[in-house]
Amino acid sequence: MEKMARVSTALGGNTLTGRTMFCHLDAPANAISVCRDAAQVVVAGRNIFKIYSIEEEQFVEKLNLRVGRKPSLNFSCADVVWHQMDENLLATAATNGVVVTWNLGKPSRNKQDQLFTEHKRTVNKVCFHPTEVYMLLSGSQDGYMKCFDLRKKDSVSTFSGQSESVRDVQFSIRDYFTFAATFENGNVQLWDIRRPDRYERMFTAHNGPVFCCDWHPEDRGWLATGGRDKMVKVWDMNTTRAKEIYCVQTIASVARVKWRPECKHHIATCSMMVDHNIYVWDVRRPFIPSAMFEEHKDVTTGIVWRHLHDPYFLLSGSKDSTLYQHIFKDASQPIDRANPEGLCYSLYGDLAFAAKESLISSDSNRKPYIGDRRHPIFFKRKLDPTEQFEYISSSSALSVFETDVESGSMDWFVHTAKQYALAGRPLAELCDHNAKVAKGLDRNQVAQTWTMLRIIYSSLGTMSSTNLNHSMGKGSTTLPLMNSFNLKDIPSGLGSESRLDRSKGESRTENILMDSSSTLINNEDNEETEGSDVPADYLLGDVEADEDDLYMMDHENPHAEEQEYSLPQEAFPLRHEIVDNPSALDHLQDKADSPHVSGNEAETVSLTPVESFSLISISHSLYENRLPSDFFNPIVRDTLLFYAEQGDVQTAVSVLIVLGDRIRKEIDEQTQEHWYTSYIDLLQRFQLWNISNEVIKLSTCRAINCLNQASTTLHINCSNCKRPMSNRGWICDRCRQCASMCAVCHHVVKGLFVWCQGCSHGGHLQHIMKWLETSSHCPAGCGHLCEYT
Amino acid sequence: MFVARSIAADHRDLIHDVSFDFHGRRMATCSSDQSVKVWDKSENGDWHCTASWKTHSGSVWRVTWAHPEFGQVLASCSFDRTAAVWEEIVGESNDKLRGQSHWVKRTTLVDSRTSVTDVKFAPKHMGLMLATCSADGVVRIYEAPDVMNLSQWSLQHEISCKLSCSCISWNPSSSRAHSPMIAVGSDDNSPNILAKVQIYEYNENTRKYAKAEALMTVTDPVHDIAFAPNLGRSFHILAVATKDVRIFTLKPLRKELTSSGGLTKFEIHIVAQFDNHNSQVWRVSWNITGTVLASSGDDGCVRLWKANYMDNWKCTGILKGNGSPVNGSSQQGIFNTSLGSANASLQNSLNGSSASRKQS
């Protein structure tokens, strides 16, 4: 009601009422114009020229101006305008270059009044003078503008733009003598009606054609222009040089612009291509339309505000042969749907939060939203043009909430991943180690799980004599030492060495896997024979350790001969040796098995005070009852499932790897694969490449195992002679130089070798990093600006 | 404990989306001012804007990162009815000296006739795919058959949702047991009681996406939707931002039990529903393990939700956007969580440092 009251005062008692409505036209419309009293609208097009009256509920056809048998081209209208002072007077611009005036007061059916056939090509625009009854202006494709006095037969004056076709002409509303014309070459000209020889002023407004312009109804200095470059620009013409004060970027070329009455900063636009919607923009907020009318199914060709002083009713005609009346209340407001907030959780538990300033400003603590903002989508505010956009210069505040180390961050994950031992040691040690890691990170439940796993799976073996235990203890400590050493090496990335050791580790695990069936049998054997063959094992283990030591020795003095660096040649034979070695195989079985460790159990239990007393007693009873080793498997399986469901896939996968075949059969392959892929993905997110690679290697799923063997080919060029290297070793066949020299220290690089793909020079990772801190050029002096990504 | 670090974003209009990359080292923001900015984290934890460019000729609603395996790639979608794919170019230009990086447009996806409201890359194991949804209710799934060529995308699927779409989320599960699945939220505000969350699943037999489920209980406009990172779970967790925060679990029923058509049937439970924001909820985001949900609403607060060992979801923290203390945060509890220390002592205390914030 409030709105209507405003309207009625503005219109001097003549209230506009109505709703969103439309009517079908017989043909596509090219232009529309309203009568001064806002009760009638004229629609013109190639095949239509009709007057409709705007009733409360509908449009009613009043008059068809296309009369006569043979339709003349004079009826084919590109533009139509209804005089704002004389409600009987209309003018049309015909596509054949004729300007026609129509007098509705004529008694005959044919209302055609005058015919001006002066333009040679299509007339794009006609415009009546806002206060002078008889003055009519036209702009044509032929590049001329003509001013007609309707009392005379011919034009009064002709204005030549001296540039391309005229797209729009508009009399200034306040300056009696001034009009603006827009051109296809992007120019806008201002003319004084009294001086047809030369424009007053010209400026380039757009890239490409300027299709339309509109003078601000109140502010005499403002001219809005719209062009094919999808922009609407508002120019302040008061200054000597036209100054662009606002620029609105729309999504399609702008065909029409119309200032919204009574709203200083609002302007309606429609497009001539692609986009069928009508937008109303607040030029102060040029990025997002304040209102949008989406009714038309084809290009909107004409828009006009129904009344000079009413901002709520908009009429539009379209190529889809409809005439619409839009009510502002029914407009969709994109900003209402727009998300005022952005929120994202980072990997490390940081939260990025962007929110509209007004939402988080401190005075919003008053909780104003409970009532009125609860359903803001359903609730359309009454549009009061004065305060329609209370946050006209909307902006967002961006902040990142950083978790500190202790609480929410994901550091525990990284630490756990780095510190867990997954293979290469007896089960009990792995479990103990991992329990300790978990404990150290205050993850008591996980620590407990590891401890229980150790008890479950290590105590099922033989409880041997102390002597034996002792020796076994020794055996099992020497080897893990080796392994831990290897693992430590891997991150530091000593290429050939670590590769070698890894291949050994691989073969070990492979052996374990291969003999998965025999392991259990072997285990039982052990129980029966009370470890009689264990001493032999120990010896074999010793032998293997020695072998390892030998290899290690080899690598400690690697400069003995260059052949040493040709990794592939050396690595593979060795690997085969190990695999073929039956003693190693036996040993490996046992190492992975329980009997070794069982003796140490009491000791380790006492070392970990976390454990409750009851757990120890359980372990004893287990041993005494000689439960089958898979007795607990369902429980363990459920434990793993529990961890997975809790989002702790790390624990699930780690246990899976450590327990290996003991539990593998219990969980279906697909789930295991799922866990592996999830965990590997997580590790890679944290850029723990080495660990992820280790997990891939240790996994027992075929699909996972092949992950790090897929589609990675390195083509290597010799850094010396720039020719492709044959894939045998690191010595270039042609220039007999070692290819992998560090360009900084000139030593052969073993381990991580980083090189520029542009110039193929490189070297030790650390050296290159250091070098690049001071220089961006290649350390080899080749002058290349190296790129390392 | 959270420490608020305020960043002078310098966008000239509302920021609609913030997105971290795969490794959490980079951040992208998009705004109504038609631009996207990329932020890189420096050694000391500061965020520096390393790129800012005009991406669209309308409001940019969403920005999202591709898996780094495909390069440094962003996708954005806009009111201008397009979605675009951007790639960072490392070249020997002066950009590097100024600490700026250069992003080039690789493709524009122009199939939509209305505003494109969301764009999301598919999980990596599906290849280089992305899904868009638009206000006219169409979800489009594109694929780049050659991952090395980011300028060629073919439209693989068009799913008509019948309702204006506002958000989509891929199911991130990498399990072979879970077919590709996408959840679509609608912000349709007409007073109907249609389900505003629909779940589409890829059917191997028909090679099409078909509607697997609709969350009938969600009838209010949905602003955001997010599957939790799966991490080996057998079921899926879905967070929905509507007039409140809702968390659903979707347990796939065994294939044997599902009758025909190859579509998975789900046992859907709503496990949590919170209206603490007292207003529209605009965004939901999961932490990396899918154990903590963050939501933000019209009250300008971020609330954190976490399940305890009984699977009861509780508020574990409230963060105020401007760093001022929050009243009524006593409802938060501290739990002994099954993940140990992970997020057990999440607190709401904030040391606001809003020095650089502009006031409008």
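The values are calculated or read from the model by the stated rules, or taken from the named source; none is laboratory data. Model, not experiment: these values are computed from the prediction. Cβ coordinates were reconstructed from backbone atoms using ideal geometry, including for glycine residues, and neighbour counts include every protein chain displayed.
The table below gives the values:
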read-out	value
Candidates B:S31, B:S35, B:S19, B:S52 - the one that is surrounded by fewer than 21 Cβ atoms within 10 Å (Cβ to Cβ), within 18 Å of B:A75 (Cβ to Cβ) and polar (S, T, N, Q)	B:S52
Unmet requirement for B:S160, which otherwise passes all of (1) under 20 Å from the mean Cα position of the chain (by Cα); (2) under 24 Å from B:T242 (Cα atoms); (3) small (G, A, S)	(1)
A:K382 being at pLDDT 85 or above, more than 7 Å from chain B (Cβ to nearest Cβ) and either within 30 Å of A:Q445 (Cα to Cα) or out of contact with any strand residue (DSSP E or B) (no Cβ under 8 Å at 6 or more places or on another chain) (or both)	no
One residue from B:T264, B:T249 being surrounded by 14 or more Cβ atoms within 10 Å (Cβ to Cβ), more than 16 Å from A:L343 (Cβ to Cβ) and either at pLDDT below 90 or of a type in the set (A, V, I, L, M) (or both)	B:T264
Qualifying residue in the range B:60-75 (condition: in contact with a Ser or Thr (Cβ under 8 Å, 6 or more places away or on another chain), closer than 19 Å to A:P340 by Cα and assigned to a loop (DSSP other than H, G, I, E, B))	no
Lone unmet requirement of (1) farther than 25 Å from B:S115 by Cα; (2) touching a His at 6+ places or on another chain (Cβ under 9 Å) for B:D33	(1)
Residue that is crowded, with 20+ Cβ neighbours inside 10 Å, at pLDDT below 85 and either within 28 Å of B:Q34 (Cα to Cα) or within 8 Å of chain B (Cβ to nearest Cβ) (or both), where the choices are A:I335, A:I303	A:I335
Residue check, B:N205 surrounded by fewer than 21 Cβ atoms within 10 Å (Cβ to Cβ), over 17 Å from B:H236 (Cβ atoms), in contact with a Gly (Cβ under 6 Å, 6 or more places away or on another chain) and at pLDDT below 95	yes
Which numbered condition B:G232 fails, given (1) at pLDDT below 90; (2) part of a strand (DSSP E or B)	(2)
The range B:143-168, residues that are part of a strand (DSSP E or B) and within 13 Å of chain A (Cβ to nearest Cβ)	B:C165, B:S166, B:C167
Hits in the range B:32-83 - residues which are over 19 Å from A:P334 (Cβ atoms), among the small types (G, A, S) and more than 10 Å from chain A (Cβ to nearest Cβ)	B:S42, B:A51, B:S52, B:A66, B:A75
Only one of A:S155, A:S165, A:S140 that is of a type in the set (G, A, S) and either surrounded by fewer than 20 Cβ atoms within 10 Å (Cβ to Cβ) or over 21 Å from A:N96 (Cβ atoms) (or both)	A:S165
Test: residue in the range A:653-675 that is surrounded by 23 or more Cβ atoms within 10 Å (Cβ to Cβ), of a type outside the set (A, V, I, L, M), part of a helix (DSSP H, G or I) and at the interface with another protein chain (Cβ under 8 Å from one of its Cβ atoms)	yes
Index of the failed condition, A:T158 passing every other in (1) at pLDDT 90 or above; (2) among the hydroxyl-bearing types (S, T, Y); (3) outside any strand (DSSP E or B)	(3)
Filter result for A:Y279 (surrounded by fewer than 20 Cβ atoms within 10 Å (Cβ to Cβ), within 14 Å of chain B (Cβ to nearest Cβ) and either in a strand (DSSP E or B) or touching a residue at least 40 places away in the same chain (Cβ under 8 Å) (or both))	no
Residue list for the range A:236-267, restricted to those being of a type in the set (V, I, T), in contact with a Ser or Thr (Cβ under 7 Å, 6 or more places away or on another chain) and not in a strand (DSSP E or B)	A:T250, A:I251
Tally of residues being assigned to a loop (DSSP other than H, G, I, E, B), farther than 25 Å from B:T117 by Cβ, free of Cβ contacts under 8 Å to residues at least 40 places away in the same chain and of a type in the set (S, T, Y) across the range B:277-320	1
Members of the range A:210-226 found to be part of a loop (DSSP other than H, G, I, E, B) and either closer than 12 Å to A:M237 by Cβ or modelled with pLDDT of 95 or more (or both), listed by number	A:H216, A:D219, A:R220, A:G221
In the range A:243-266, the residues that are over 23 Å from A:G317 (Cβ atoms) and of a type in the set (F, W, Y)	A:Y246
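Residue-by-condition table, conditions (1) away from chain A (no Cβ under 14 Å); (2) closer than 16 Å to B:C133 by Cβ:
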{"position": "B:I182", "(1), (2)": "yes, yes"}
{"position": "B:D188", "(1), (2)": "no, yes"}
{"position": "B:A195", "(1), (2)": "yes, yes"}
{"position": "B:A212", "(1), (2)": "yes, no"}
{"position": "B:I225", "(1), (2)": "no, yes"}
{"position": "B:A228", "(1), (2)": "no, no"}
{"position": "B:A239", "(1), (2)": "no, no"}
{"position": "B:F248", "(1), (2)": "yes, no"}
{"position": "B:P252", "(1), (2)": "no, no"}
